[in-house]
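Working notes, beginning with the structure itself.
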Amino acid sequence: MSFLELFTDPLSRGPLIATLFMSISTALVGAIAFIRKKSLVAETLSHATFPGVAFGLLASFFFFSGNDLILFYLPLLFAFGFAILAQALVEKMLKEKKSADVSLCYILSFLLAIGVLVASYMQHSHVMLFKNLQIFFYGQAATMHDTHIYIYGALSLLVALVALIFQRAIKFSCFDPLFSSSVGIKSWIMKGTFSFLLTLSIVIGIRSVGVVLVTGMMIAPSVVARAFTKKFSTFLLASSLFGALFAFLGYIVCYLLENGAESTYSVPIGPAIIVISTLVAFISLLFAPSNGAIIKQMRKWRFQKSCILENILKFFWKTPCQSYHLIHLKKKQFASFSILLFALFKLVKQGYLKKEGLFEYRLTEDGKKKAAYIVRLHRLWELYLIEYLSSEVEKVHQSAELIEHIITPEIEDKLTKLLLNPKVDPHMQPIPIKEVL
Amino acid sequence: MESSLKCDLLNVYYDDHPVLFDVSFEIPKGKLVAIIGPNGAGKSTLLKSIVGTIKPLSGTVECFSLPFHKAKKKIAYVPQKESIDWEFPITVLEVVLMGRYHQLGLFKWVRKCDKEAAIEALKLLEIESLANRQIGELSGGQQQRVFIARALVQQADLYLLDEPFAAVDAATEALLIDIFKKLKEKGKTLVIVHHDLYSVESIFDWVILLNNRLIGCGEKEKWFTPEKISQTYGKKEEIFSDVISQLKKTKSGLSL
Amino acid sequence: MNPYFGKDFLSFFFTLFSRVFEAFFKKGEGVELVSDEIQILVLMFTSISCSILGAFLILKKKAMLANSLSHTSLLGIVLSYLLMKGIFAQKMLTFNPALFFLASFFTALLTIFLTNSCKKIFKLHEEASVGLIFTFLFALALLLVSLFTKNVHLGVEAIMGNIDIADSIDVKLSLMIALINLAALFLFFNDYKIFCFDETFAKIVGCSLVFLEYLLMIQTSMTAIGAFRSVGVFLFLVFLTAPYLAARLLSSELKKIILYSALISFFSTIFSVAFARHLLSVYDLALSTGALSATCVGASYPILGSALFIKKKILRLSYKEKTKEKKKEESFA
């Protein structure tokens, strides 16, 4: 079956499309929670929906004799109600000066315990209801059908719309609550909106991925989006899209495993989505162009490397007509042997050094100019430290050893102007003039 | 000069802390030193780097001519009060007793002499009557006295205090000043981050002027002058700021 | 034949006390533990462990991290189950102490290491780091369960527990965990106290923050995995939080709080076992004893809180009455 057919085939389109809608809304709301640094509230709310669903199922059985329509909607309504109740209870505990941490943990586990208690009753007395309940605990995307598409689609659309309308207000209340209340955005309205969105998206989510895994759907997409953008509206959009993408990938993986050529594995979609999205989150955290941890480390290494190269050039500059053998350079301890070799190789490639014989090196004309420039920066900085920052003459050299590698041409310009184009440094050494390279 | 605290070319460039750039100074024993500078000058960062809460990128710290971890037992540090949980079930006496941790045995059981030392400290801070109160029930001034009492009980030779007078009442402030002066007379050294320029003259005898770099360190008569103060609080040298932000970006691996 | 069979709430306690007397006088000869008593013992030891842990976890604001560990311990259980199946071809629920410890250490270390890496290296905020890691490890565990075992019960058991089929091995396991937690309390009480109250100070006076954090987490994951059989890994969170919250209403002294929380937890669990038996005997209602005990323990906080609130109101009313009367007397005089 081709990918497009998955969207139209009556068996697969229910699970796929409903899950897509669901993950868009959970990712979107998760992004807002992420910015507000309240990602774990979802954990408490999702666990609170469990007793809600249980009571809802019982109520539909006892009061509506298990009418199918009621059986579909009532548990969701109760779930919503219990999630709101959980939030109210947490607020009450916060008022009693309990920390958010223990309040969330207590409410989540206590309500879950009540849910499990009711579940155990259902397990023995109302087995059909119990099976229905299990669907909400573990999620069961596979049994979703067209009705689910419409309902969850509509609910997700509602979430997206509310988020869109209140976008600016949400942005301000997340980043600057004092400012937002001063311009009339009542904090309780914002809190209520956020609460409503969170609860709604969780209730949407529990049917396909289950009570326990909804939190996972909310965090990873935000982490990925955050690694790539800092703009709020882009961040929200990106989170939603990533959420949808991961849901799609998760579904594909489950589908392929189930219809595999050699062996079939029945894998629930919720865990698949979360594992995929978290792996992508780790990759983004490591490799995102601006903030990725590995990218940052590589930049640090590149800087260290350029420092070594420049230090070697400075050394050659002291006796510009002399050539040096590798062994001699090794004694100067610029770096370990292999790095030194690599550095020399690079310098030759860049045209600053030329090779004479197997391991002899000499400064080229370009190399002389480059080295002179670095020495210039070093001595300008020393002068600046002494004249404008009242440093002691003995201490400026060490500082300049680092700063000479950092000063940009703009800063050099400013220094030259400020120090009135000086000719001599604090140690009475001449300052090289700026030559065009 | 017998040095109590010596920093040599201390450099701290982490992205979420104010910068310290090549900070070097030496303080002799038995001085009451004020660290002054504008917001973001790195005053708290300096104390944190000395005690090791923040790891400096380079530079050395010596207390009584020993590296910090060897001299730990002679040093007491009282940070700002931000991260204390005031709902914690702990009494004033128990907080002060924490200062005796060094001297406690294997199972860290509290002995009579420890209790007596703690009560002595509480007496000095005039809060002996509050010994069995929960810390959440105290006023701001009383809370500060508790943490100073804890520092006293450590019987250190070097005291590092971060804004001890912030948000305390006048009575507490006067009492603390009196205690600090008495400690100085006993030969102890106190290094205090201080925010109020007007009271420097009456309390301290040495100053450290800090504005991400050391402007000056020494006797207040020589260094606490209008010229030096305006240099400390004046506009940041533009080139210096440029270089510092470049340095921070490079050290954090951010794109320039 | 179970002597508690068919007993209602009050006769449950009669039977219990008479059996305890009997065991005491016969010095334990010829007395065999039955399921209800096993449940009481297991829950009692679990209560002790959780009371000790709960206080420090809550004070250090790591309750949600304990929630995180409760999820990730499923991964530890699953991996040790796979190992057992692969190496020893044993039935899953057989207790193997070495693998139990392995699962605990591995779980705690992995969770803490990954969460801290997210915070320090990636600069992710606390809640996102905790949430990202535990949902990932938990989802991974569920995937492994579905791929390799085709045993749904593993997941259900882990979550809901099944104390109704607990046996003497579980008693030994929970006793061992309780003893370990008690030992840690005895050895490290002051260290933990300083560590929870003022981390900066703890570091400066020489406590090893890393050691204490990992120790606390290993204790937690050990207790969580141990509780997996009795009340399930999720419900053990109630045992961690509710007794502390209830005890905190009664005292402001840490040692007393731990003691009271153990007592509150213990009595709630005995009540719940008796109540479960009562419901079965009288109403023919078979509820999960684990869930019932978790609910009772959880309810102890709001119940105690309401009781104290009502007491305060009554006292205030009677005080108002007294002052009113005094004023009346004075105005007549």
Practice prompt. Name every residue in the stretch A:335-365 that is in contact with a helix residue (DSSP H, G or I) (Cβ under 7 Å, 6 or more places away or on another chain) and of a type in the set (D, E, K, R), in order of residue number.
Written response: A:LYS346, A:LYS354, A:LYS355
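Residues checked against (1) within 30 Å of A:LEU213 (Cα to Cα); (2) exposed (fewer than 14 other Cβ atoms within 10 Å of the Cβ); (3) within 14 Å of chain B (Cβ to nearest Cβ):
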residue	(1), (2), (3)
A:PRO268	yes, no, no
A:SER277	yes, no, no
A:VAL280	yes, no, no
A:PHE287	yes, no, yes
A:TRP317	no, no, no
A:SER323	no, no, no
Fill in: Segments classed as helices (runs of 4 or more DSSP H), wholly inside the stretch A:275-373, with at least 3 members that are in contact with a strand residue (DSSP E or B) (Cβ under 7 Å, 6 or more places away or on another chain) and not assigned by TED's automatic domain parsing to the domain that holds A:LYS230
A:337-350
Discussion item. Going through B:ASP114, B:ASP85, B:ASP22 one at a time, which residue ends up being among the acidic types (Asp, Glu), within 14 Å of chain C (Cβ to nearest Cβ) and crowded, with 18+ Cβ neighbours inside 10 Å?
Written reply: B:ASP114
Worksheet item: Which ones in the stretch A:50-72 are more than 23 Å from C:ILE133 (Cβ to Cβ), in a helix (DSSP H, G or I) and not aliphatic (A, V, I, L, M)?
Response: A:PRO51, A:GLY52, A:PHE55, A:GLY56, A:SER60, A:PHE61, A:PHE62, A:PHE63, A:PHE64, A:ASP68, A:PHE72
Fill in: Flag for B:GLY253 being closer than 19 Å to B:LEU160 by Cα, touching a helix residue (DSSP H, G or I) at 6+ places or on another chain (Cβ under 8 Å) and facing another protein chain (nearest Cβ under 10 Å)
no
Fill in: Single match in A:LYS434, A:LYS423 (criterion: under 24 Å from A:PHE303 (Cα atoms) and surrounded by fewer than 20 Cβ atoms within 10 Å (Cβ to Cβ))
A:LYS434
Worksheet entry | Unmet criterion (only one of (1) at pLDDT 90 or above; (2) surrounded by 13 or more Cβ atoms within 10 Å (Cβ to Cβ); (3) over 30 Å from A:GLY250 (Cβ atoms)) for A:ARG302 | (2)
Discussion item. Please determine whether any residue of the stretch A:27-44 is within 14 Å of another protein chain (Cβ to nearest Cβ), out of contact with any Asp or Glu (no Cβ under 8 Å at 6 or more places or on another chain), outside any helix (DSSP H, G or I) and surrounded by fewer than 24 Cβ atoms within 10 Å (Cβ to Cβ).
Written reply: yes
Fill in: Only listed residue being acidic (Asp, Glu), in contact (Cβ under 8 Å) with a residue 24 or more places away in the chain and under 21 Å from B:LYS228 (Cβ atoms), chosen from B:GLU62, B:GLU2, B:GLU26, B:GLU87
B:GLU26
Item to complete: Quickly run through the stretch A:83-133 and pick out the residues that are of a type in the set (Lys, Arg) and more than 8 Å from every other protein chain (Cβ to nearest Cβ).
Response: A:LYS92, A:LYS95, A:LYS131
Fill in: Top-ranked residue of the stretch C:228-248 - restricted to ones that are more than 10 Å from chain A (Cβ to nearest Cβ) and assigned to a helix (DSSP H, G or I), ranked as farthest from A:PHE50 (Cα to Cα)
C:ALA247
Response to the item:
Scanning the stretch C:191-217 for residues that are outside any helix (DSSP H, G or I) and farther than 14 Å from B:ARG100 by Cα, the one farthest from the other protein chains (Cβ to nearest Cβ) turns out to be C:SER208
Practice prompt. For the stretch C:42-61, indicate whether the set of residues that are modelled with pLDDT under 80 and either part of a loop (DSSP other than H, G, I, E, B) or more than 30 Å from A:SER46 (Cβ to Cβ) (or both) is non-empty.
Written response: no
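The values are calculated or read from the model by the stated rules, or taken from the named source; none is laboratory data. In this text the structure is predicted, and so the values were computed from the model without any measurement. Here Cβ is always computed from backbone atoms with ideal geometry, including for glycine, and neighbour counts include all displayed protein chains.
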